[in-house]
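The structure under discussion appears below in the form of structure tokens.
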Amino acid sequence: MKKRSENHQTKKGKKKAPKERSAKSIDRLNQELQTHQIELELQNEELRLSQSLLEESRNKYSALYDFAPIGYFTLDPNGLILEVNLKGSELLQIKRERLVKTPFLLYIAKGDRRKFYAYQKKILKKEGAQKYEIELRRRDDSSIQAEVHCMLVQGPSGRPLYLTVVNDITDRRRSGETLAQETTKAEQGRRLESEFISVISHELRTPLHAVIGYTDLLLNATYGAIRPEQADPLKGVLKNAQDLLSLTDNLLDLSRIETEEIPIRLQLVDIPSLLKEAVAGVKPLAKRKSLGIRWILSDDLPAIESDPCTLSKIATHLLSNAVKFTAKGTITISTRNVSDRNGIEMLIQDTGIGIPPEKLNKIFNPFYQVHSGLVREFDGAGLGLAIVKGLLNLLKGEVHVQSDHGKSSIFTIFLPYRFHSSPHQ
Ligand code: ADP
């Protein structure tokens, strides 16, 4: 305390004059002021920096908005355009400043205006963002097909705004329409082709039956004995006519499958009996090639609801192939009850030339033959398996193939117990 009081005194021990004291406090105030000024400038600098950052990011976003490849329209609750980006004005071919404050509805084709209203209503009812397609009309009266995404957002003053994103889908629509037209044309072409095949096959069948019938009668000496040297040429005629008839029948079947003209007559079918009849048809050839026939029939095989005519065609095609592509060994025919899939399986297995793995998925295509080279070793036109697959489709069945190339092939057919029940129940 003593020291302090000394400080207020002059060397002569007198107290400081008030003038001297106020000069000191002005100094101090000055100093404080300077410090504040520096602080203020620093704060100002920071403010300028954040302002320029803000500007920069605003520029970035407005560039993104302006140069976006899709149109952005901000509409007020009455549907007036408040903001639009460059793409939006380009889509409508109207300058931005002329679009602003005009109703968006003006640019919608008359026929689609109700649709637009309906969606705006849905959005307002808080049903969430809506997506729909409308036709937009341009100034030159041309039009574009637009996909619109519209959602409700809160504007700066809290009032609702419609953010409307417009995508030009005119080309996509056009190519979709062209594709649809081309598909219809292709379908018409296929139908015509099938009809043509069907007519030609019908026309061919009658004379072919006559050729086969008369040749048979000649060979059986119905019109009198033939000379021995006549037998072989006549047999040649018979074989060729039969091959042609089978090709004609196959073509007819394939075209009927394509046009879905094969009638399905359902009845209860006993599979072993049906298979035995089909095997009887290929037995003569199997015998000539000394092939064995082996049966593995399951005892619990129920009769199934299916079409016996169609089924016997399927079995005949598979059995003929098994015999045709097997030089020696055995053809095994087996059946299985597949109760967990509500159906049965028939398997036709041979010990023939087999099919290379990479060809397995192609053999069901029409006219595809694995073993077709310049030298044609096997008869056929590559239609049998396409018919098998098509017919099984009609019967709600399936066909699968497995093969050990060079050793064997197994064709498995699955058929449901009941035609009208799904096999995978
Ligand atoms: P194709 O009239 O030629 O027999 P398919 O449509 O019945 O016509 O069969 C198509 C092709 O699948 C046949 O040409 C053959 O190459 C192959 N193939 C079919 N079945 C067998 C089989 N059991 N063994 C070996 N190859 C087969």
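The values are calculated or read from the model by the stated rules, or taken from the named source; none is laboratory data. Source: prediction; values computed, not measured. Here the Cβ is made from the backbone with ideal geometry for all residues, glycine too, and neighbour counts use every protein chain on show. Surface accessibility is based on the protein's heavy atoms, side chains included, excluding ligands, DNA and RNA. Shrake-Rupley method; radii C 1.70, N 1.55, O 1.52, S 1.80 Å.
Step by step: first the residues of region 327-371, then only those that are over 33 Å from the mean Cα position of the chain (by Cα) and of a type in the set (S, T, Y), then the one that is nearest to the ligand (Cβ to nearest atom). Which residue is that?
Applying the filter and picking the extreme gives T351.
Within region 334-345, identify whether any single residue is over 18 Å from V282 (Cβ atoms), assigned by TED's automatic domain parsing to the domain that holds S290 and part of a loop (DSSP other than H, G, I, E, B), and answer yes or no. It would help to see each step written out before you state the result.
The initial filter retains those residues of region 334-345 that are over 18 Å from V282 (Cβ atoms), namely 336-345.
Retained after the next criterion (residues that are assigned by TED's automatic domain parsing to the domain that holds S290): 336-345.
Checking which are part of a loop (DSSP other than H, G, I, E, B) leaves us with 342.
The answer is yes; a qualifying residue exists.
Could you tell me which of the residues N240, N167 is at pLDDT 85 or above and either open to solvent by 70 Å² or more (accessible area, probe 1.4 Å) or not assigned by TED's automatic domain parsing to the domain that holds N85 (or both)?
On the way: N167 fails: either open to solvent by 70 Å² or more (accessible area, probe 1.4 Å) or not assigned by TED's automatic domain parsing to the domain that holds N85 (or both).
None of the other options fit; the residue is N240.
Could you tell me whether any residue of region 226-233 is open to solvent by 70 Å² or more (accessible area, probe 1.4 Å), under 23 Å from K324 (Cβ atoms) and not aliphatic (A, V, I, L, M)? Walk me through it before giving the result.
Step one: filter region 226-233 for residues open to solvent by 70 Å² or more (accessible area, probe 1.4 Å), giving 227-229, 232-233.
Now drop any that are not under 23 Å from K324 (Cβ atoms), which leaves 232.
Restricting the remaining residues to those that are not aliphatic (A, V, I, L, M) gives 232.
Yes, because at least one residue in region 226-233 is open to solvent by 70 Å² or more (accessible area, probe 1.4 Å), under 23 Å from K324 (Cβ atoms) and not aliphatic (A, V, I, L, M).
Among all residue pairs at least 6 apart or on different chains, which show Cβ distances below 9 Å where the first residue, located in region 349-366, is touching a residue at least 12 places away in the same chain (Cβ under 8 Å) and the second is near the ligand (Cβ under 8 Å from one of its atoms) and of a type in the set (D, E, K, R)?
G352/K324
Taking into account only those residues within region 372-394 that are at pLDDT 90 or above and open to solvent by 40 Å² or more (accessible area, probe 1.4 Å), which is nearest to N250 (Cα to Cα)?
K389
What helices (runs of 4 or more DSSP H) lie completely within region 65-142 and have 1 or more residues being open to solvent by less than 100 Å² (accessible area, probe 1.4 Å), outside the structural domain of Y162 (by TED's automatic domain parsing) and not β-branched (V, I, T)?
Working: elements: 86-92, 96-99, 113-124.
No helices (runs of 4 or more DSSP H) qualify here.
All but one of (1) farther than 30 Å from S194 by Cβ; (2) surrounded by 15 or more Cβ atoms within 10 Å (Cβ to Cβ) hold for L217; state the number of the condition that does not hold.
Among (1) farther than 30 Å from S194 by Cβ; (2) surrounded by 15 or more Cβ atoms within 10 Å (Cβ to Cβ), the lone unmet condition for L217 is (2).
Scan region 314-344 for residues that are of a type in the set (A, V, I, L, M) and open to solvent by less than 10 Å² (accessible area, probe 1.4 Å) and jot them down. First the steps, then the outcome.
Applying the first criterion (of a type in the set (A, V, I, L, M)) to region 314-344 yields 314-315, 318-319, 322-323, 327, 331, 333, 338, 344.
Answer for region 314-344, where residues must be of a type in the set (A, V, I, L, M) and open to solvent by less than 10 Å² (accessible area, probe 1.4 Å): I314, A315, L318, L319, A322, V323, I331, I333, I344.
Which residue pairs have Cβ atoms closer than 8 Å, lie 6 or more positions apart in sequence or on different chains, and pair a first residue in region 399-419 that is assigned by TED's automatic domain parsing to the domain that holds A303 and loosely packed, with under 15 Cβ neighbours inside 10 Å with a second residue that is among the hydrophobic types (A, V, I, L, M, F, W, C) and assigned to a strand (DSSP E or B)?
Hits for this filter: H400/F411; H400/F414.
It is to be established whether one or more residues within region 347-354 are touching a helix residue (DSSP H, G or I) at 6+ places or on another chain (Cβ under 6 Å) and among the charged types (D, E, K, R). Don't jump to the end; show me each part of the working.
Narrowing region 347-354 to residues touching a helix residue (DSSP H, G or I) at 6+ places or on another chain (Cβ under 6 Å): 348, 350.
Those still in the list that are among the charged types (D, E, K, R) too: 350.
Yes: region 347-354 contains one or more residues that are touching a helix residue (DSSP H, G or I) at 6+ places or on another chain (Cβ under 6 Å) and among the charged types (D, E, K, R).
Does Q369 qualify as being within 20 Å of G281 (Cα to Cα) and open to solvent by 40 Å² or more (accessible area, probe 1.4 Å)? Explain how you work it out, then say what you get.
Working: within 20 Å of G281 (Cα to Cα): no; open to solvent by 40 Å² or more (accessible area, probe 1.4 Å): yes.
No, not satisfied.
Checking S306 against (1) closer than 20 Å to L268 by Cα; (2) of a type in the set (S, T, Y); (3) within 16 Å of the ligand (Cβ to nearest atom), only one condition comes out false. Which one?
Condition not satisfied by S306: (3).
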